[in-house]
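No lab work stands behind these numbers, since they all come straight from the coordinates. Being a predicted model, the structure only gives us computed values, none of them experimental. No Cβ is skipped: glycine too gets one built from the backbone with ideal geometry, and neighbour counts run over all protein chains shown.
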Amino acid sequence: MTMLAAIVQASPTPLPAPGAGVFTSPFLLSLLVWVPVVMAVAIAFMPNPRGRYDVLMKQIAFFTILGLMFILFIAYNQFQNFLPTMQYEEKVAWLPAIGVTYHLGIDGPGIVMLLLSGLIGIASVLASLGVRERVRAYFCLLLLTQASVNGAIVARDMFVFILFWAAAAIPLALLVLGWGGPRRSTAAWRLLGYWGLGTGALVVGVLALYSIAGGQSFDMDVLLKASLSPRNQIVISVAMIIAAATRLPLFPLHGWVRDVLAEAPVGVAVIVAGATTRLGAFLLLRTVIAAEPAAGHLLSPVLAALAAMTVGYAGLAALRTVDIRHMAAYLAMVPGGITVLGLAAVSPLGIAGSVLSMFTGGLAAALIAGVCATLSERAQSRSLSVLSGLAPRMPNIAWLLIIAALALLGIPILASFTAEVMTFFGAFKNQPIGAFAVAVGLAVSAVALAMLLRRVLFGSPNPDAPGVSDGSLGETWYLGLLAGGLLWVGLFPGGPKIPGTDFPLFDPGLLNQMTAGISDIASPYVAPTPGATQ
Amino acid sequence: MKYLVLLPETLVVALAICVMLAGRFAWLPATARRYLPQATALVVLVALGVELWAGATVGSYFGGALLQDRFALFAKAAVLLTAAVAVATTDWTAEDSIPLGLAMPLLAAFGVMVAASAADLLGLWAGLELAGAAGVVMVALRRPDLALRLLVAGGMASALVLVGLAFVYATTGNPNLAGIRAVIGNEAPALSLAIPVLLLLGGLAVRAGIAPFHVAGLQVGLGASPLGAGLVFGLSAVAAATVGIKLAAALVEIPDVYVPYVQVVAALAMVGGGAAALAVRSPRPRLAYLAVSQMGWVAAGVSTHFRSGIGGSLFLLGAFAVAATCGPALLGRAEGGEPAIHGLGTLRPVRAAGLALAMMSLAGAPPLAGFFGELAVAASLAQSGSFVLLGLGLLGSVLGVAAVLGTLRVLYIQSPLEESRRGAAAALPAVTALSTAGAVAFCIVIAAYGVFGYPIMGLADQGAEALGLR
């Protein structure tokens, strides 16, 4: 609780990491966005007679993402968590005729999302090493997806944000369409339909904001600080909620998630469940909670209701399904609901929990989607009536599935515990009914997970089932990376310290880094009574 | 030096005539004839360079009949670039006549240039007809029956435009666009003006191929040679849109006489084009319907009757010109429906990339030229409070992107057709140094147009300002 109290301080002054701010680069964030694009183009035009360089292409994609992770680690370590302002900012006039600037920057929630994107990116490439067909196109599209996710996270101009938000849909839909399972067409069209609807809502919301703010600039510093009437705030916030609900996804705009996560190749399922969907929560945080406090207060019960319906629906649907990948897809919706509950709490603690939950929820969702996809591939069946008693025959995957289940439920030692504690502590104060409903939904999900574990891992072995083998080294590594991330942040939320001192060893601690900017975002909600207007 | 500004027009017309005469009288030896497309593309690029260098000088010519302002500079530069890239990307083995195939895009570009610089109604009409006639000639080379249909449809459109122009002239007593605007500024909107404007815009809609008036042009374009189709879908439509923008600027003081009509047509085109593109599978009709949808966005920008909206439309029109004209040319002979382009990404990677980018740009997919243009128009629609039109436009774009996804799958994910099953209708485009360079240039233009759009959008904005818009 001391740690939680420290997070909610209005002016957090955690100890900076030694050397924080020493390394600066005027284009660090641009590197994170454009290096994958450049490498994707390079892969696209690389000569590859009869697939001779397929392995090289996989290596290029892997080392590109690894290089990005290295840059990201520098950014994370050098991040000055005592500053509430945007960092690593880049600002260049782009299309001044309509007020577009190439403006990038990150604060605490941004660095958390970038870290998530980096980890998920590596896991996704590792999970894709088994791709044999059209390797060039696959890794090209995967790198473009990674670039668009990074771009949406670091964008500080709404035009740039829309550009990357919308751009993510095309490579992902093609990946599902080209490398997916038997129902890939349905999955891809659903993905495009729902995400298209969300993008449309986002564009309408942003353009309404742009027009109300005078039509001079798309910069978030202008748009999100514009003085709006509560009515306008609500209209714009509703558009943003629709956009976020299609992406996160939230009930009832979740229609794509089952098909996409069940039909997509494993690497794509990981990146969708882990990174691209978290952008929905990030959008809500940036545009509704941080920018429209009046709407944030008024719509918080709606957000809490959406969160409760999402978690409840996901749990019930997971209980009813007989397909392990469908079950994983439904369960991957649960962390999104918890994140939104934290935002609906409109309190500093709830918002901080929500930001941490984006990271932990992304890892947990990717882990459950990835482990179930890998398990079904290794066991040559997706049917829960066939899969039974697999723990002795696939011990690595069994352990990872257990960790995924525990992470979804927020068990101590794992990072999702901290996130869920913060979220529920914040939410029970301001949204008690919503928080209770989410807790009930979580209990239903726990039942579904228990049934999954009991049957698939510890049931009596099915003699008629096809042959089973444990995960390969690559599969174990990518799943282990996701599980390791959850364990590391769970064990060292404030980073490991040099023994006997308060100085961080090499990781300044995710909880410390994420606080930068949260106090600013939460400041309108600190007062006991909500303000009528900004 | 004053007339140096008109050098691009002179170069284009002279080149078109020379190429036609060289073809007719066989002046050139066969070896030299092989280099005609290269030479043509080079001269058009020189004309573009001259336009960008000398065209910045504002002035009027021939007693005020032609104006060189920022609008003219933008439109002329855009069509010259389009013509150069189109000539370079075309698979000339799939065309029916190289001399006429080279000359007609130049004449169509000249028509747009005349319309863009026209200061009066006569110049607008002349430019429009010239561009339309070039399309008819290109179609006639392969399908005289379809050319006749286009001629009849074009004739009807011309009649509507002429009647409309005549009524506008009779109402205002002035053929000059600036004069019309000055006279109209003092009058209230009246039915006597609204009806001729409706006729006029109806004729232009037929010429531009905007839904629901796209039927004639679209069917004809599908039967033409690749470059002929590009001319019908692209440059002819650009000429009509250029005339439409100039007329809208002249009538801007009484927007009530044209805005509702343009809004309805824009909505139909955006949604209808996107839905139709999703409904068809063959690549050329899909390109055509995507072009219809994007032309709807151009019309939507015009309907805002503000400088920002018209500037956005102009910027988008530049992107449209390049993508809609060069798209069918990149597709080449692949007229055998969707199977003809199965696996084209493997067999002809550069052309496939060009085709994919053309379609994505026409659908408004990020981060290509069409996306930036459509978002610029969308911003102006939001500013003018036209959220219904904006929503419909976004719906059309989503449908268009879904359609393009289908084509991308065929291009890059499907296996190529077996050679034994590949008939003449599914023949692969010939690979030449020029066509490869043209496809590369097209990819660069369509990707860089928006990403490095700072000066281009600035020029489009100045173009709208030059029309006297606020």
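Please specify each residue of the stretch A:333-362 satisfying the condition of being more than 15 Å from A:Val444 (Cβ to Cβ) and not in a helix (DSSP H, G or I).
Those that are more than 15 Å from A:Val444 (Cβ to Cβ) and not in a helix (DSSP H, G or I): A:Ala345, A:Val346, A:Ser347.
Could you list, in sequence order, all residues of the stretch B:41-76 that are charged (D, E, K, R) and not in a helix (DSSP H, G or I)?
Across the stretch B:41-76, the qualifying residue is only B:Asp69.
Determine which member of the set A:Gln380, A:Gln431 is over 19 Å from A:Gly361 (Cα atoms) and surrounded by 23 or more Cβ atoms within 10 Å (Cβ to Cβ).
That would be A:Gln431, the only listed residue that is over 19 Å from A:Gly361 (Cα atoms) and surrounded by 23 or more Cβ atoms within 10 Å (Cβ to Cβ).
Only one of A:Gly200, A:Gly180 is more than 7 Å from chain B (Cβ to nearest Cβ), in contact with a helix residue (DSSP H, G or I) (Cβ under 9 Å, 6 or more places away or on another chain) and within 24 Å of A:Ala147 (Cα to Cα). Can you tell me which?
A:Gly180
Within the stretch A:291-300, does at least one residue satisfy the condition of being more than 19 Å from A:Ile170 (Cβ to Cβ) and within 18 Å of the chain's Cα centre (by Cα)?
No, because not a single residue in the stretch A:291-300 is more than 19 Å from A:Ile170 (Cβ to Cβ) and within 18 Å of the chain's Cα centre (by Cα).
Conditions (1) out of contact with any strand residue (DSSP E or B) (no Cβ under 6 Å at 6 or more places or on another chain); (2) touching a residue at least 40 places away in the same chain (Cβ under 8 Å); (3) buried (at least 23 other Cβ atoms within 10 Å of the Cβ), marked per residue:
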residue	(1), (2), (3)
B:Val50	yes, yes, no
B:Phe71	yes, yes, yes
B:Ala78	yes, yes, yes
B:Asp91	yes, yes, yes
B:Leu106	yes, yes, yes
B:Ala126	yes, no, no
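Quick check on my filter: what residues within the stretch B:346-356 are in contact (Cβ under 8 Å) with a residue 24 or more places away in the chain, part of a helix (DSSP H, G or I) and within 14 Å of chain A (Cβ to nearest Cβ)?
If the condition is that a residue be in contact (Cβ under 8 Å) with a residue 24 or more places away in the chain, part of a helix (DSSP H, G or I) and within 14 Å of chain A (Cβ to nearest Cβ), then B:Thr346, B:Leu347, B:Val350, B:Arg351, B:Ala352, B:Ala353, B:Gly354, B:Ala356 are the ones that fit.
Are there any pairs with C-beta distances below 7 angstrom linking a residue in the stretch A:41-55 that is away from chain B (no Cβ under 11 Å) to a residue that is in a helix (DSSP H, G or I) and among the aromatic types (Phe, Trp, Tyr), with the two at least 6 apart or on different chains, and if so which?
A:Ile43/A:Phe139
Tell me the helices (runs of 4 or more DSSP H) entirely within the stretch B:243-345 that contain at least 3 residues that are surrounded by fewer than 24 Cβ atoms within 10 Å (Cβ to Cβ).
Ranges flagged: B:259-279.
Does A:Ile153 fit the bill of being touching a Gly at 6+ places or on another chain (Cβ under 7 Å) and of a type in the set (Val, Ile, Thr)?
Yes, satisfied.
Looking at A:Ile153, A:Ile170, A:Ile111, A:Ile122, which is the one that is in a helix (DSSP H, G or I), facing chain B (nearest Cβ under 9 Å) and β-branched (Val, Ile, Thr)?
Exactly one of A:Ile153, A:Ile170, A:Ile111, A:Ile122 is in a helix (DSSP H, G or I), facing chain B (nearest Cβ under 9 Å) and β-branched (Val, Ile, Thr), namely A:Ile170.
Inspect the stretch B:401-417 for any residue being among the small types (Gly, Ala, Ser) and more than 12 Å from chain A (Cβ to nearest Cβ) and give the result as yes or no.
So far as the stretch B:401-417 goes, no, none of its residues is among the small types (Gly, Ala, Ser) and more than 12 Å from chain A (Cβ to nearest Cβ).
Residues of the stretch B:12-34 being more than 24 Å from the chain's Cα centre (by Cα) and either of a type in the set (Lys, Arg) or under 14 Å from B:Gly101 (Cα atoms) (or both), which ones?
Once the filter is applied, which keeps residues that are more than 24 Å from the chain's Cα centre (by Cα) and either of a type in the set (Lys, Arg) or under 14 Å from B:Gly101 (Cα atoms) (or both), the stretch B:12-34 yields B:Cys18, B:Leu21, B:Ala22, B:Gly23, B:Arg24, B:Arg33, B:Arg34.
If B:Ile444 passes every condition in (1) surrounded by fewer than 24 Cβ atoms within 10 Å (Cβ to Cβ); (2) within 9 Å of chain A (Cβ to nearest Cβ) but one, which one does it miss?
Answer for B:Ile444: the failing condition is (2).
How many of the residues in the stretch B:357-391 are more than 7 Å from chain A (Cβ to nearest Cβ) and surrounded by fewer than 23 Cβ atoms within 10 Å (Cβ to Cβ)?
Number satisfying all stated conditions: 4.
How about the stretch A:367-411: which of its residues are outside any helix (DSSP H, G or I) and not small (Gly, Ala, Ser)?
A:Gln380, A:Arg382, A:Leu384, A:Val386, A:Leu387, A:Leu390, A:Pro392, A:Arg393, A:Met394, A:Ile411
Does the stretch B:194-233 hold any residues that are in contact with a Pro (Cβ under 9 Å, 6 or more places away or on another chain), buried (at least 24 other Cβ atoms within 10 Å of the Cβ) and under 19 Å from B:Val271 (Cα atoms), and which are they?
Passing the criteria: B:Ala205, B:Phe233.
Of the residues that make up the stretch A:229-244, is at least one assigned to a helix (DSSP H, G or I), within 11 Å of chain B (Cβ to nearest Cβ) and not basic (Lys, Arg)?
The answer is yes, given that some residue of the stretch A:229-244 is assigned to a helix (DSSP H, G or I), within 11 Å of chain B (Cβ to nearest Cβ) and not basic (Lys, Arg).
When you scan the stretch B:312-335, do you find a residue that is in contact (Cβ under 8 Å) with a residue 60 or more places away in the chain, out of contact with any Cys (no Cβ under 6 Å at 6 or more places or on another chain), hydroxyl-bearing (Ser, Thr, Tyr) and closer than 30 Å to B:Thr432 by Cβ, even just one?
yes
Restricting to the stretch B:342-376, name every residue that is hydrophobic (A, V, I, L, M, F, W, C), within 14 Å of B:Leu428 (Cβ to Cβ) and touching a helix residue (DSSP H, G or I) at 6+ places or on another chain (Cβ under 9 Å).
Answer for the stretch B:342-376, where residues must be hydrophobic (A, V, I, L, M, F, W, C), within 14 Å of B:Leu428 (Cβ to Cβ) and touching a helix residue (DSSP H, G or I) at 6+ places or on another chain (Cβ under 9 Å): B:Leu344, B:Val350, B:Ala352, B:Leu355.
So for the stretch B:419-430 (the condition being within 14 Å of another protein chain (Cβ to nearest Cβ) and either surrounded by fewer than 24 Cβ atoms within 10 Å (Cβ to Cβ) or touching a Cys at 6+ places or on another chain (Cβ under 8 Å) (or both)), does at least one residue qualify?
Scanning the stretch B:419-430, I find no residue that is within 14 Å of another protein chain (Cβ to nearest Cβ) and either surrounded by fewer than 24 Cβ atoms within 10 Å (Cβ to Cβ) or touching a Cys at 6+ places or on another chain (Cβ under 8 Å) (or both), so the answer is no.
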